[in-house]
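I have placed the structure first, in the form of structure tokens, so that the comments after it can refer back to it.
The values are calculated or read from the model by the stated rules, or taken from the named source; none is laboratory data. Computed from a predicted structure; not experimentally measured. Note that each Cβ is placed from the backbone with ideal geometry, even for glycine, and that neighbours are counted across all protein chains shown.
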Amino acid sequence: MNSRLFPVVVLFLVTAFLIGPFFIIVAASVSGGETLAFPPQGLSLKWVAKVFQVESFRESFAMSMLLAIGGTGAALVLGIPASYALSRYRLPFGETIRTVVALPIIVPGIIVGLALLRYLVVPFRFNITLALFLAHTALVLPYAVRVVSASLNNLRSDIEEAAVLLGSSRAGAFFRVVMPNIRSGILAAFILGFVTSFNQVPVSLFLSGPGIRTLPIDMLSYMEITYDPSVAALSALLAFMSIGIVFIAERFLGFSRYV
Amino acid sequence: MSSPAFLSLEKLTLAYGDTVAVKDLDLSIRQGELVAFLGPSGCGKTTTMRSIAGLLKPQSGRISLDGADITRVAANKRSVGLVFQSYALFPHLTVFENVAFGLRLKGLSGTELESRVDAGLKSVGLTSFAARKPAELSGGQQQRVALARSMVMEPKVLLLDEPLSNLDARLRLEMRAELQRVQKETGVTMIFVTHDQGEALSLADRIVVMLNGAIEQIGTPEDIYNRPASAFVADFVGFENIFAIENGRLRAGNGPIALAMPLPHDAAGLAWRPRMVTLGSGPFQGTVRGAAFSGSTREYLLDTPLGALKAEVDAAAPAHSAGTTLAFDLPVEKAAKLERFN
């Protein structure tokens, strides 16, 4: 019995545990049967095709895309200047601000969702789409700040002074020499934020209304009524989309450096 | 000062928050001069340089350049170039674009831009590297790009932060020659900051020695090397035997000691390089504690009534081993007379 066998077995089991459900879902999605089942009964792509025919899926997919792109974009618009200030200036309460910015990761989504519903949407009749947008922006902000800060910290600050002494304004120096050098960090933050927002469930669960819901919530309610394999097919498609994005990011940006 | 000041600092006080880094500094520099700011870290030399560049606003005082008060002029409008210690090249731009950066901001383009950049690269011998990124260059090459990038802007003053300290010995010699050549060819006024006395002595026309945010001594390399004004400067340029004068006598570890010759009245202290100590004859006795052979010379560390003393003699002289008692003298006429003892 060699001592390397045990960790290898554990590694194998953990990997199987993590990735197993994915294979089950993929297998279930090509089932020919009428209900969600594993192992699949027969082989068919009809459930994959059905995903594209369900109208609510199309609408909630559009909503999720809008939130993921818009929310992440907004988080970056706020997060890039915030990261810049945190990494370049010695701010009073700088550490406190860093912690507060990270809070949406720490506070359970259920609490954020409930709080937004109970104290913003209900009393003020706040627009649900707007509330969803704000919530997703806040949820993505910690990732944006963290990833952008990491690339700013890797960039020497004296290049900005060099740019100023060559005639550039301070703001010009930011756009001419800082932004181009943190571009891959910003892209990495965008992808991480996009995936986080797109897969977000607990907050979105509280913030849905007539015709307004994100894709994961829509899948949840679809399953409550219809127990066919199309949800598995959709899940598999989404998983492939995420894998594709992360693969491209890793390939071109060295994504894993930032996360 | 014979010719009028080109760059002058008047009563300049600089601070980081509540910490005063430089206090009431007065200095004037002539056009075309090559000046070194020399001092240990924390003496205020870099701070002073940054304020000339406009990167640090003075708390009080005045900076004027070429007849104009530039105290309140923004850093990007001063015509002051700065070669950073780390070179601060723009990593995303090619060597050509690094050098072109400032010229583009000036509105130059097309063939005029190209010829100015080419001339700049040619002057530092990097024409064939124009298409490379800074990361593909050696440290010495990066520094030359930084030099060209500043020089194509035709600055009135070129500042250099520790220009030789990141280079190896051979490159250091090369860069020193390079800087002298650039200065001679363009006549640009140059100020460089260094903590290395050898660098300052070999490169500068004039050296400003700084300590604790104030000027300790200004002079030519010969002045500084041969006639240090204070104990600090003497120590900095290699006088290793430094004594204060108290009531007409040298103050030593075991109390005051009278030398054979009368001491000068106008000095606060005397300093001898190890080479200036006479060994083998003289009115004093010392015991050899340590000896070191360094090729052309022998160095001795002596225990004497004046305390520990360092002496250096030609290697041709007979060697003395530890424990030997030797006669020695401190010739007053050779000593550097210190105006201040700090």
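I'd like to check which strands (runs of 3 or more DSSP E) are fully inside the stretch B:21-96 and have at least 3 residues that are in contact (Cβ under 8 Å) with a residue 24 or more places away in the chain and more than 14 Å from chain A (Cβ to nearest Cβ). It would help to see each step written out before you state the result.
Working: elements: B:34-38, B:60-65, B:80-83.
Here the list reads B:34-38, B:60-65.
Quick grid of which residues meet (1) out of contact with any Ser or Thr (no Cβ under 9 Å at 6 or more places or on another chain); (2) crowded, with 21+ Cβ neighbours inside 10 Å:
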| site | (1), (2) |
| --- | --- |
| A:138 | yes, no |
| A:144 | no, yes |
| A:157 | no, no |
| A:165 | no, yes |
| A:168 | yes, yes |
| A:176 | no, yes |
| A:179 | yes, no |
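Kindly evaluate residue A:243 against the criterion of being within 14 Å of chain B (Cβ to nearest Cβ), under 16 Å from the mean Cα position of the chain (by Cα), under 30 Å from residue A:152 (Cβ atoms) and assigned to a helix (DSSP H, G or I).
Values: within 14 Å of chain B (Cβ to nearest Cβ): no; under 16 Å from the mean Cα position of the chain (by Cα): yes; under 30 Å from residue A:152 (Cβ atoms): yes; assigned to a helix (DSSP H, G or I): yes.
Answer is no for this residue.
If you take the residues of the stretch A:183-212 that are in contact with a Phe, Trp or Tyr (Cβ under 9 Å, 6 or more places away or on another chain) and within 13 Å of another protein chain (Cβ to nearest Cβ), which of them is nearest to residue A:138 (Cα to Cα)? Before you say what the answer is, go through the steps one by one.
The initial filter retains those residues of the stretch A:183-212 that are in contact with a Phe, Trp or Tyr (Cβ under 9 Å, 6 or more places away or on another chain), namely A:184-185, A:187-189, A:191-193, A:196.
Still in the running and within 13 Å of another protein chain (Cβ to nearest Cβ): A:184-185.
Working: A:184: 22, A:185: 19 Å.
Applying the filter and picking the extreme gives A:185.
Quick grid of which residues meet (1) without any contact (Cβ under 8 Å) to a residue 40 or more places away in the chain; (2) surrounded by fewer than 15 Cβ atoms within 10 Å (Cβ to Cβ):
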residue	(1), (2)
B:231	no, no
B:290	yes, yes
B:298	yes, no
B:301	yes, no
B:305	no, yes
B:310	no, no
B:320	yes, no
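Since residue B:102 meets every condition but one in (1) closer than 30 Å to residue B:202 by Cα; (2) within 14 Å of another protein chain (Cβ to nearest Cβ), which condition does it not meet?
Of everything listed in (1) closer than 30 Å to residue B:202 by Cα; (2) within 14 Å of another protein chain (Cβ to nearest Cβ), residue B:102 misses just condition (1).
Which one of these is at pLDDT 95 or above, within 15 Å of the chain's Cα centre (by Cα) and hydrophobic (A, V, I, L, M, F, W, C): B:164, B:179, B:159, B:203? Break it down stepwise before answering.
Values: B:164 fails: at pLDDT 95 or above; B:179 fails: at pLDDT 95 or above; B:203 fails: at pLDDT 95 or above.
B:159 is the lone residue from the list that is at pLDDT 95 or above, within 15 Å of the chain's Cα centre (by Cα) and hydrophobic (A, V, I, L, M, F, W, C).
Given the residues A:27, A:68, which is the only one that is modelled with pLDDT under 90 and either polar (S, T, N, Q) or surrounded by 14 or more Cβ atoms within 10 Å (Cβ to Cβ) (or both)? Full working, then the answer.
Working: A:68 fails: modelled with pLDDT under 90.
Going through A:27, A:68 in turn, the sole match is A:27.
Of all the residues that make up the stretch B:35-57, how many are farther than 21 Å from residue A:162 by Cβ and either polar (S, T, N, Q) or buried (at least 21 other Cβ atoms within 10 Å of the Cβ) (or both)? Even if it seems obvious, please write down each step before you answer.
If we filter the stretch B:35-57 for residues that are farther than 21 Å from residue A:162 by Cβ, which is where we start, we get B:35-36, B:38-44.
Still in the list and also either polar (S, T, N, Q) or buried (at least 21 other Cβ atoms within 10 Å of the Cβ) (or both): B:35-36, B:38-39, B:41, B:43-44.
The total comes to 7.
From A:107, A:101, A:77, grab the single residue that is under 30 Å from residue A:170 (Cα atoms), within 22 Å of the chain's Cα centre (by Cα) and without any contact (Cβ under 8 Å) to a residue 24 or more places away in the chain. Working first, answer last.
Values: A:107 fails: under 30 Å from residue A:170 (Cα atoms); A:101 fails: without any contact (Cβ under 8 Å) to a residue 24 or more places away in the chain.
Every option except A:77 fails the conditions.
Restricting the first residue to the stretch A:153-171 and requiring it to be at positive phi, which pairs with a second residue that is outside any helix (DSSP H, G or I) meet a Cβ separation below 7 Å and a spacing of at least six or different chains?
A:167/B:106
Filter the stretch B:264-281 for residues that are more than 29 Å from the chain's Cα centre (by Cα), surrounded by fewer than 18 Cβ atoms within 10 Å (Cβ to Cβ) and more than 11 Å from residue B:335 (Cα to Cα); which is modelled with the lowest pLDDT?
So in the stretch B:264-281, the residues more than 29 Å from the chain's Cα centre (by Cα) come out as B:264-265, B:278-281.
If we keep only those that are surrounded by fewer than 18 Cβ atoms within 10 Å (Cβ to Cβ) as well, we get B:264-265, B:278, B:280-281.
In the following step, the residues that additionally are more than 11 Å from residue B:335 (Cα to Cα) were identified as B:265, B:278, B:280-281.
Details: B:265: 79, B:278: 91, B:280: 86, B:281: 86.
Going through the qualifying residues, I end up with B:265.
Please go through the stretch A:219-240 and pick out each residue that is assigned to a helix (DSSP H, G or I) and at pLDDT below 85.
Filtering the stretch A:219-240 down to residues assigned to a helix (DSSP H, G or I) leaves A:219-225, A:230-240.
Correct list: empty.
Of the residues B:65, B:27, B:93, which single one is within 23 Å of the chain's Cα centre (by Cα), surrounded by fewer than 21 Cβ atoms within 10 Å (Cβ to Cβ) and at pLDDT 95 or above?
Values: B:65 fails: surrounded by fewer than 21 Cβ atoms within 10 Å (Cβ to Cβ); B:93 fails: within 23 Å of the chain's Cα centre (by Cα).
It is B:27.
Checking the condition of a type in the set (S, T, N, Q) and either within 29 Å of residue B:105 (Cβ to Cβ) or surrounded by fewer than 19 Cβ atoms within 10 Å (Cβ to Cβ) (or both), which residue from A:149, A:197 passes? Full working, then the answer.
Details: A:197 fails: either within 29 Å of residue B:105 (Cβ to Cβ) or surrounded by fewer than 19 Cβ atoms within 10 Å (Cβ to Cβ) (or both).
Only one candidate passes the filter, namely A:149.
Of the residues that make up the stretch A:183-191, is at least one free of Cβ contacts under 8 Å to residues at least 24 places away in the same chain and either touching a Leu at 6+ places or on another chain (Cβ under 6 Å) or surrounded by fewer than 18 Cβ atoms within 10 Å (Cβ to Cβ) (or both)?
Of the stretch A:183-191, the ones free of Cβ contacts under 8 Å to residues at least 24 places away in the same chain are A:183.
Of the ones still in play, those that are also either touching a Leu at 6+ places or on another chain (Cβ under 6 Å) or surrounded by fewer than 18 Cβ atoms within 10 Å (Cβ to Cβ) (or both) are A:183.
Yes; the residues of the stretch A:183-191 include at least one that is free of Cβ contacts under 8 Å to residues at least 24 places away in the same chain and either touching a Leu at 6+ places or on another chain (Cβ under 6 Å) or surrounded by fewer than 18 Cβ atoms within 10 Å (Cβ to Cβ) (or both).
Working only within the stretch B:183-200, note down all residues that are buried (at least 22 other Cβ atoms within 10 Å of the Cβ) and either assigned to a loop (DSSP other than H, G, I, E, B) or more than 8 Å from the chain's Cα centre (by Cα) (or both).
Residues satisfying the conditions are B:189, B:190, B:191.
From the list A:248, A:225, pick out the single residue that is away from chain B (no Cβ under 14 Å) and within 24 Å of the chain's Cα centre (by Cα).
Values: A:225 fails: within 24 Å of the chain's Cα centre (by Cα).
Only one candidate passes the filter, namely A:248.
Search the stretch B:137-160 for residues that are more than 9 Å from chain A (Cβ to nearest Cβ) and pair each with any residue that is of a type in the set (D, E, K, R) and in a helix (DSSP H, G or I) when their beta-carbon atoms are under 6 Å apart and the residues are at least 6 apart or on different chains.
Between residues of the stretch B:137-160 that are more than 9 Å from chain A (Cβ to nearest Cβ) and residues that are of a type in the set (D, E, K, R) and in a helix (DSSP H, G or I), the close pairs are B:152/B:116.
Tell me whether the stretch B:224-235 contains one or more residues that are over 25 Å from residue B:320 (Cα atoms) and of a type in the set (Ser, Thr, Tyr). First the steps, then the outcome.
Residues of the stretch B:224-235 that are over 25 Å from residue B:320 (Cα atoms), as a first pass: B:224-235.
Now narrow it down to the ones that are of a type in the set (Ser, Thr, Tyr): B:225, B:230.
Within the stretch B:224-235, one or more residues are over 25 Å from residue B:320 (Cα atoms) and of a type in the set (Ser, Thr, Tyr).
Identify all residues within the stretch B:215-229 that are of a type in the set (S, T, N, Q) and buried (at least 17 other Cβ atoms within 10 Å of the Cβ); write none if there are none. Spell out how you get there, then give the answer.
First pass over the stretch B:215-229, keeping only residues of a type in the set (S, T, N, Q): B:217, B:220, B:226.
The answer is B:217, and nothing else.
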